[in-house]
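Input: a single structure, listed below in C-alpha cells.
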Amino acid sequence: MRVSYTSDYFVPLPEKHPFPMGKFPALHRTLLDEGLISEADVVAPREADWADLLLVHDRSYLDALAGGTLTKKEERKMGLPWSEALVKRSRHAVQGTMNAAHMALEDGLAANLAGGTHHAFPGHGEGFCVLNDVGVAIKALKRSRWIRRAMVIDLDVHQGNGTAAIFQDDDDVFTMSIHGEKNYPFHKVDSTLDIGLPDDTGDDAYMDAIQPAVAGALDRFACDLVIYLAGVDVLDGDRYGRLSLSRDGLHRRDRFILEEVLGREIPLLCLLSGGYAESPELTGDLHATTHREAAGLTLSRG
C-alpha cells in the first residue's frame, strides 16, 4: 500500500525527552527492510497550508505556533518544546494524513507513517500533539466533497479528546474511542462512542470489548472513509499504557479492524497514534504490525 513519509517527520528533542521521535524513521526502515513497502510506495508530503489548518485550529493558536510565542504553560501542556522545526514537522505530518486520505479513497487502503495526534484541540496542543491531523483531513475532504461522512476508530490507549471536541456537533463524523478508563486524559470529552477499559485488560477481554462495538458502528453508520488510529500503547509494558495486550493480541486487533472495514469495501486510512515501548526502534517495530497484517490480508485475498 502507498504511505506518506518524509525524513522531516523526525526532529531532535532534548536528551531524555519521553516522546520517541525516532520511531518514525525506524518504522520506515522496518517496512522497507521487510518488503512491506517499496520506495515507489512512499509519497513525501509538503507542509500543510495554514489555510487548511484554519479549518480546525484557531488563528491565535496558529499565530503563536508560527511566531514562537507560546507561553511556558502552553508548551508544558503540549508536552513538546517549541521550535521552528517542530512546527514544520507537525505541518508535514498533517499533510501526510491529508495525502494518505486521498490515497485511501483511490486505492482502498493507505497509511501515514505518523499522525493520529488526537489530543490537539482547536486552540491548544496537549499530550505530545501539536496539530490535529485527523480533524484537518476530514474537514478538508468534506470541504472539497471528496467525502460526506467519516468514521474515526481510535484504539490508542488514551481517549481521543481533541478529535471528539472538534466533531462533537458534526453528525456526519462518528468518533469512537476505546481506551484505558483511568488513563490520560483525566478529563475526557464525549465521543460519539466511548468505551473505557480497566487497567490490565488482556487480549481476550480487549477483543470482547472492541469486536461488537466496531462491527455495530460500521453496520449502523454508513460512511465514505474510516480513519484508524492504531496506537500500540495498549501493549503490556508500555510506559504510559496500563493495558496488557500481548504482541499476538496486537496482531488480532489490527487484523480484525482491517477485515471489518475492508470487508465492507470502505476505504481505510491507518495512522500511528501513540506508543512508548522500551526504545524508539521497538516502538517502530510494533507500529509495523498494522502493515504486516495488511500485507497478509492482501495475500490471502489473492
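Scanning the range 53-87 for residues that are more than 22 Å from S7 (Cα to Cα), assigned to a helix (DSSP H, G or I), in contact (Cβ under 8 Å) with a residue 12 or more places away in the chain and not hydrophobic (A, V, I, L, M, F, W, C) yields S60, Y61, E74, K77. Against the test of being surrounded by fewer than 18 Cβ atoms within 10 Å (Cβ to Cβ), on the phi > 0 side of the Ramachandran plot and at pLDDT below 95, the options G296, G302 yield a single qualifying residue, G302.
Restricting D169, D194 to residues that are part of a loop (DSSP other than H, G, I, E, B) and either touching a residue at least 24 places away in the same chain (Cβ under 8 Å) or more than 15 Å from the chain's Cα centre (by Cα) (or both) narrows the list to D169.
Looking across the range 174-191, the residues that are touching a residue at least 60 places away in the same chain (Cβ under 8 Å) and under 11 Å from G241 (Cα atoms) come down to G180, K182. Scanning the range 62-86 for residues being of a type in the set (A, V, I, L, M, F, W, C), under 19 Å from the mean Cα position of the chain (by Cα) and surrounded by fewer than 21 Cβ atoms within 10 Å (Cβ to Cβ) gives a total of 1.
Rundown of residues vs (1) assigned to a loop (DSSP other than H, G, I, E, B); (2) among the charged types (D, E, K, R); (3) free of Cβ contacts under 8 Å to residues at least 60 places away in the same chain, yes/no style:
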site: D204; (1), (2), (3): no, yes, yes
site: A213; (1), (2), (3): no, no, yes
site: D248; (1), (2), (3): no, yes, yes
site: F256; (1), (2), (3): no, no, yes
site: T283; (1), (2), (3): no, no, no
site: A294; (1), (2), (3): no, no, no
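Here's the yes/no breakdown for (1) within 17 Å of the chain's Cα centre (by Cα); (2) surrounded by fewer than 20 Cβ atoms within 10 Å (Cβ to Cβ); (3) under 25 Å from G162 (Cβ atoms); (4) modelled with pLDDT of 95 or more:
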position	(1), (2), (3), (4)
L245	no, no, yes, yes
D254	yes, no, yes, yes
G263	no, yes, no, yes
L269	yes, no, yes, yes
S273	yes, no, yes, yes
A288	yes, no, no, yes
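Can you name the residue in the range 14-45 that is in a loop (DSSP other than H, G, I, E, B) and in contact with a Ser or Thr (Cβ under 9 Å, 6 or more places away or on another chain) and, of all such residues, is farthest from S90 (Cα to Cα)? Here the answer is L36. For the range 131-144, the count of residues that are part of a loop (DSSP other than H, G, I, E, B), without any contact (Cβ under 8 Å) to a residue 60 or more places away in the chain and either under 25 Å from T289 (Cβ atoms) or among the charged types (D, E, K, R) (or both) is zero. If the condition is being in contact with a strand residue (DSSP E or B) (Cβ under 8 Å, 6 or more places away or on another chain) and either on the phi > 0 side of the Ramachandran plot or not in a loop (DSSP other than H, G, I, E, B) (or both), then the range 258-274 contributes L258, V261, L262, L268, L269, C270, L271, S273. Filtered by the rule that a residue be buried (at least 21 other Cβ atoms within 10 Å of the Cβ) and either assigned to a helix (DSSP H, G or I) or of a type outside the set (A, V, I, L, M) (or both), the range 1-13 gives S4, Y5, T6, Y9. When residues in the range 40-61 are screened for being among the β-branched types (V, I, T) and more than 19 Å from F167 (Cα to Cα), 2 of them pass.
Conditions (1) among the basic types (K, R); (2) out of contact with any Phe, Trp or Tyr (no Cβ under 9 Å at 6 or more places or on another chain); (3) within 19 Å of H287 (Cβ to Cβ), marked per residue:
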site: T30; (1), (2), (3): no, yes, yes
site: G35; (1), (2), (3): no, yes, yes
site: R46; (1), (2), (3): yes, yes, no
site: L55; (1), (2), (3): no, yes, no
site: T71; (1), (2), (3): no, yes, no
site: M78; (1), (2), (3): no, no, no
site: A85; (1), (2), (3): no, yes, no
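Taken as a whole, the condition of being touching a Leu at 6+ places or on another chain (Cβ under 8 Å) and in contact (Cβ under 8 Å) with a residue 24 or more places away in the chain does not apply to R252.
The values are calculated or read from the model by the stated rules, or taken from the named source; none is laboratory data. No experiment lies behind these values; they were computed from the predicted model shown. Cβ: placed from backbone, ideal geometry, glycine included. Neighbour counts: every protein chain shown.
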